1. Considering Val46, Val56, which residue is surrounded by fewer than 20 Cβ atoms within 10 Å (Cβ to Cβ) and among the β-branched types (Val, Ile, Thr)?
2. Quick check on Leu68: is it more than 16 Å from Pro278 (Cα to Cα), surrounded by 15 or more Cβ atoms within 10 Å (Cβ to Cβ) and at pLDDT 60 or above?
3. Can you work out which of the residues in the stretch 314-350 that are under 16 Å from the mean Cα position of the chain (by Cα) and assigned to a loop (DSSP other than H, G, I, E, B) is nearest to Asp243 (Cα to Cα)?
4. Quick check on Leu169: is it assigned by TED's automatic domain parsing to the domain that holds Ala246, of a type in the set (A, V, I, L, M, F, W, C) and at pLDDT 95 or above?
5. Please work out which one of (1) of a type outside the set (Phe, Trp, Tyr); (2) part of a helix (DSSP H, G or I); (3) at pLDDT 90 or above is the condition Ala83 fails and give its number.
6. Which is over 25 Å from Val43 (Cα atoms) and touching a Leu at 6+ places or on another chain (Cβ under 7 Å), of Val211, Val259, Val222?
7. Quick check, is Asp161 surrounded by fewer than 19 Cβ atoms within 10 Å (Cβ to Cβ), at pLDDT 85 or above and not assigned by TED's automatic domain parsing to the domain that holds Gly32?
Amino acid sequence: MTAALVVLVVLVVLGALLTTTRWWDVDHDRRGAPLVVRAQALVPLVGPAAAGALAVGLVTGAGLLAVLAGALLAVHVVLALPAWWAVAPDERRATAEGDEVVVLAVNTWYGRADAAATASLLRRVRPDVVALVEVSPAGLSRLEGAGLADELPHRVGRAADGGVGTVVLSRWPLAVPAVLGPLGRLPLEGTAAPGPGQDPSSDNPLVEVAVPGRAPLVVRAVHPYYPATDDVGAWRRQLGALDRWAREHVAARPGPLVVLGDLNATADHACLRRLLAPGGPLRLAAHEVGGGRRPTWPSPGRWPGLPGLHGLLAIDHVLVHGVHVVAAGTAPVAGTDHAAAWARLRLPAA
């Protein structure tokens, strides 16, 4: 075996070790927790690499490489099934008829999203409810100037500098059970102090949408803290709070619910998988319709000169309960480092 093949074998073994981190639910106070969280985010990239290594092994006749890469690829095929193979839960049969509601989440990257590009996206997708995260006052003003307020005149939330502004806009009237619920300002004891102008706790507006002829739709726009620091405690606690809130909400009110936004977590992170576990309160809209992974970060706005780094991680999501998911997808937005995530839903009759 040549040196190059030995290196490939070593890389396949390392890929297998990285894959095992998917099942590690490391306490955020333990040393190495940030490294584990970052490794979990990279798990989906191991599958294509294993496929390439398998091809090299088969072409060169390197049996050990082919066996190891083939086994690793098989594991990743199984892990990828939920994203590709749509499963129809009971809610889909119960709500198979009726008008459709489109929801859309956009991380505006501190208000940098291009207003004209965003307006064009709204004309294509025609959302009825939009969640804007990291929206600044100036950014929201530009979006409204491009026609956002005309299409979606009802609004709850606040625009704010520093990446903490979150706004929900709707075609229909909004009721406000609580603008800032238990996710709005979580205690951050034991976490690293935020830098100047940064607040690790974004607003998470909770609204009820009065959809004509349909059951009221509860919508929560969320933006948990990102885990790319030496202390992932705030991120873990906020996703845990979302899990607890969703379970309590669904138990008390089992009607249609949508949670959407930049969750800063992939389906390979233990915190998000707990929320999406069988019997849990929420389902991933993208998995309801299949079609594969839908990465949202980094979008071309992040590193425009490095096209190969676009769309590595799926961290912007639409999570649902009590609705039929007709379609789901992502769409690039010029000026921001995230692609938008959207879903077309059918709600039960009122």
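1. Step by step, each of Val46, Val56 is checked, and only Val56 is surrounded by fewer than 20 Cβ atoms within 10 Å (Cβ to Cβ) and among the β-branched types (Val, Ile, Thr).
2. So Leu68 passes the test.
3. Filtering the stretch 314-350 for residues that are under 16 Å from the mean Cα position of the chain (by Cα) and assigned to a loop (DSSP other than H, G, I, E, B), the one nearest to Asp243 (Cα to Cα) comes out as Ile315.
4. On the way: assigned by TED's automatic domain parsing to the domain that holds Ala246: yes; of a type in the set (A, V, I, L, M, F, W, C): yes; at pLDDT 95 or above: yes.
Yes; evaluated as a whole, the condition is true for this residue.
5. Ala83 satisfies all of (1) of a type outside the set (Phe, Trp, Tyr); (2) part of a helix (DSSP H, G or I); (3) at pLDDT 90 or above except (3).
6. Values: Val259 fails: over 25 Å from Val43 (Cα atoms); Val222 fails: over 25 Å from Val43 (Cα atoms).
Exactly one residue qualifies, and that residue is Val211.
7. For Asp161, the condition - surrounded by fewer than 19 Cβ atoms within 10 Å (Cβ to Cβ), at pLDDT 85 or above and not assigned by TED's automatic domain parsing to the domain that holds Gly32 - is met.
This table checks each residue for (1) under 20 Å from Arg124 (Cα atoms); (2) among the β-branched types (Val, Ile, Thr); (3) surrounded by 21 or more Cβ atoms within 10 Å (Cβ to Cβ).
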{"position": "Val250", "(1), (2), (3)": "no, yes, no"}
{"position": "Gly280", "(1), (2), (3)": "no, no, no"}
{"position": "Ala285", "(1), (2), (3)": "yes, no, yes"}
{"position": "Gly290", "(1), (2), (3)": "no, no, no"}
{"position": "Pro295", "(1), (2), (3)": "yes, no, no"}
{"position": "Leu313", "(1), (2), (3)": "no, no, no"}
{"position": "Val333", "(1), (2), (3)": "yes, yes, yes"}
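The values are calculated or read from the model by the stated rules, or taken from the named source; none is laboratory data. Here the structure is a predicted model, which means the values were calculated and not measured. In this analysis, Cβ positions are derived from the backbone assuming ideal geometry, glycine residues included, and neighbour counts consider all displayed protein chains.
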